[in-house]
Every structure is written in structure tokens, then in C-alpha cells.
1. Using each residue's phi in the range 178-186, evaluate 6.51 cos²θ - 1.76 cosθ + 1.60 at θ = phi - 60° and report the 3J(HN,Hα) Karplus result to the nearest Hz, with x for Gly and Pro.
2. May I ask for the percentage of alpha-carbon pairs in the range 43-202 that lie more than 29 Å from each other?
3. Going 7 Å from the Cα of A276 in the Cα-to-Cβ direction, what parts of the range 325-354 have a backbone nitrogen less than 15 Å from that spot?
4. Can you give the direction-averaged projected area of the convex hull of the alpha-carbon atoms in the range 385-439, in nm²?
5. Using a basic spin-label model with each label point 7 Å from the Cα along Cα→Cβ, how many nm lie between L309 and I114?
6. Taking all pairs of distinct Cα atoms, average 1/r, flip it, and tell me the Kirkwood hydrodynamic radius of the range 150-278 in Å to one decimal place.
7. Would you list which lysines come within 27 Å of K410, measuring only between C-alpha atoms, while excluding same-chain residues fewer than 8 positions from it?
8. How far apart, in nanometres, would the label points at K334 and T41 be if each is projected 7 angstrom from Cα along the Cα-to-Cβ direction?
Amino acid sequence: MIKAFMRRAALTGALSAVTAAPAFAQQAAKIDPADTVWVTTSTALVLMMTLPGLALFYAGMVRKKNVLATMAQSFAAAMIASLLWMAIGYSLTFGGEGAYIGTLDRFFLSGMAIDGAHPLARTIPEALFMLFQMTFAVITVALVAGSVADRMRFTAFAWFSALWLIVVYVPIAHVVWGGGFLSAAGVLDFAGGLVVHLNAGVAGLVAAYVLGSRRGYGSENLAPFDLSLAVIGTGLLWVGWFGFNGGSALGAGSRAVYAITATHLAASAGAFVWMALEWWTRGKPSVLGIISGAIAGLGTITPASGFVLPWHGLVIGILAGLVCFWACTWLKLKLGYDDSLDVFGIHGVGGLIGTLLTGVFATAALTASPETPGGLPGLIEGNARQVLLQAYGVAVTAIWCGVMTYVVLKIVGLMTPLRVNTQEEMQGLDITQHGESLQ
């Protein structure tokens, strides 16, 4: 279980691991205060990425008449995903070691010992492990909303959030992180290149095609209402990503520090490259471009962050700026889809290339464990097979997410219209969906 190997590093400077044990068996845990404090802090940071980070980031890029509705979608994702994760999502993801899905041993968190630990996180309370993983489920669902901003009904989004979490997110999280067939095969994903970014990006692309373009897309001015909100949101996301990636070490050790360092360098490089490309092609560096490049770098480094050296993070960030800029400009126009806030171009494409680059740059020293004493190095250390494994993970995630997202949208469409009508879209979702507006 590759995710297990990487997340068992708990003591400062240690890369130790435990022998495999059936999930949810009573563990003789030794709770470490430093690890517990760090993961608690990381949990707060990752929740902050959605509330208010993503809410501000998305709201700043839509029109004034849709600001509140866009924020409401982030809050809805947080509420719905949190409740479902506690009830059933956590158990199905991290219960048991089935090839495709977990068990219901922790249904509504039943049987969770106060001083017990999960086999994948032996030095922190199991309740904290559950909560940390909950924040990942929350932000993944919330990310999808960016692709359908300005036009999806709130009722439809609420139903979509609930069904998509169980049908798409939970199975992917289990097979990658919870002991399923991708982790058994050796696919690496430190903090969510597959589970979070590619998953959300593909779902957003499918949703954009199913709902259709916004009214006036390509012919009217759909400029952002207040980019200052988006800048503030980006800052919160950037800082929160230290918990997102650094916290995924599940311990206050050297792996967490390496993950944070690579994360910051990738974000800086992504922002710089995107800025430079806009300066070169358009004559001026836009604020929207700079923050988009930063998010591209952050999303792209995520799957590799705890497996690579700092200079690898710099290279991955440069490539993120180049490829995601291309995806959000040329590719988007070529394919003709209206992904309102470029969820696919930034998160989907970023997650894809980041996952593949993990297979290139992963180091033996940072992937070593008693079960794999030689580590799981990437291409630059002579293991070309890891790139193929990463591509396998990308293919499985994209196919499952694409097909099942389409199915979920069709099911929701049978219960309620997916998008607002033309009159409601012209009036704005703030008024038509929530009865409120900015003055």
C-alpha cells in the first residue's frame, strides 16, 4: 500500500513504517503529541482552503449577480461532504482493504476508540485522521463547482455533491489511498493529484459539456466582478496548501518539511511562468494570470510533493505554468467547452501532469520503507516502470470519473433541472436561487 508507506512517517526525521494490519482492527497506538498538533493544524489549514479560500477565489471571478450563489456552493459542498463523510464516506474509503471499495465497519464512526489509531496513521488519533481526510473530500467536491459557475441550480448542485461524493470520490480515494488495486499496483499519489485534482478536473469538464455554455459565452463581456477577492482567496489557498501537502505526511517530520518546500517552490514557479507567458503573448501580465499560475503550480506538485527534492518542485512548477497556460488558452478554445473558472485546465491538467511527473522525479530515499527498502524511485533514478504505473492511475481515474460523473448528472437531471432558465441566468443566481444580492 503505497499511500500507507508514505503516511506512516511520524517521528521527526524518520521514514519508518509499520507492518500491514487489517483496517479498523484495534491498534496498539502510541499517540505522538507533536504529530497530533501538526495534523490538527493541517486539518484547519485544509478546511480554510475551502472556507473561505476557495469561496473567495471563485466568487471574485464571477459576475456581481452571481457572487453570493458561488460562495453558497462552497458552503454547501462543505456541509454535505462533511456529513456524508462522517456517515459513510470515511468507512467506505478507509475501512478494509478491498480491491475496489471499503467496508461499513465505521458506519457513522461506530467502534472508533478514543485512544485508538488507524493502521495508516499510527501516531495520531483515528478521529483526527478521519477529520483530516474529510477536508480533502470537502474541497474536491467544492472544486467542481467552478466549472458550472453562473448557471447551475443550487438544488441540482446539492444533489450532485451528495451523489458524486459517494459514487466518484469515495471509490477513487479507496483504490488510491485506502488499500485498493491502484495502491497495490504501486501507483504514487502523495496528497491528491489523482484523488483530488484530476478527479475534480474531469468531473468539471464533463459537467461543463452536459450543462452547456453560459449565456453570452464568447459574445458578451463576462469579466470578473472583483479580482481582489480572488487574490485574497489565492493567498488563503497557497498557505492552506502547506497543510494539504505537508499534513499528508501525517507527522511532524522531515517528509512534511520536504513536501512544504516543494509546494512553495512549485507555486512560485507556476505563477512566474504564467506571468511571463502573458507578458510575452499579450503585452501585460494580468493579475488573473498570476494567481492562475500559482494554483496550477500548487495542484501539479500535489501528487509528488512528499516524494521529491526541492529542485524537482521547481521544475514541476515551471512545467505546470507552461502546460496549464496552454490548456486554459489554446486547448480550451480548440475543444469549445465553457469551463467557467478553468477547473479542468488548471486542476485536471495539473493533476494529470503532476501524477506523471511523480513517476519521473520520485526518489528512492523519500519512498523507502521496510516493505520496500530500495524505495520506489522514478525515471531519473532508473525506474521507467513507475511512469507507466502513474499513467495507469491516470487512465483509471479519468475513465471512472468521466463515466460516473455523466451518470450522476443524468440522475440529478431526472430529479430537478440542472441549470437555471434563460431569464434566471440573466437576472443572476443570487436573486433567483437565494433571494439575496450585493448592493
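Each value in this text was obtained by applying a stated rule to the coordinates, not by laboratory testing. Since this is a predicted model, take the numbers as computed values, not measurements. Cβ placement follows ideal geometry from the backbone for every residue including glycine, while neighbour counts extend to all protein chains displayed.
1. x, x, x, 5, 6, 5, 5, 6, x
2. Values: 2327 of 12720 pairs.
I get 18 percent for the Cα pairs in the range 43-202 exceeding 29 Å.
3. Residues 325-326 fall inside that zone.
4. Details: hull surface 26.1 nm².
With every direction weighted equally, the projected area is 6.5 nm².
5. 4.8
6. On the way: mean 1/r = 0.0562 Å⁻¹.
Across the range 150-278, the inverse of the average 1/r is 17.8 Å.
7. The qualifying lysines are K332, K334.
8. The answer from the label model is 4.4 nm.
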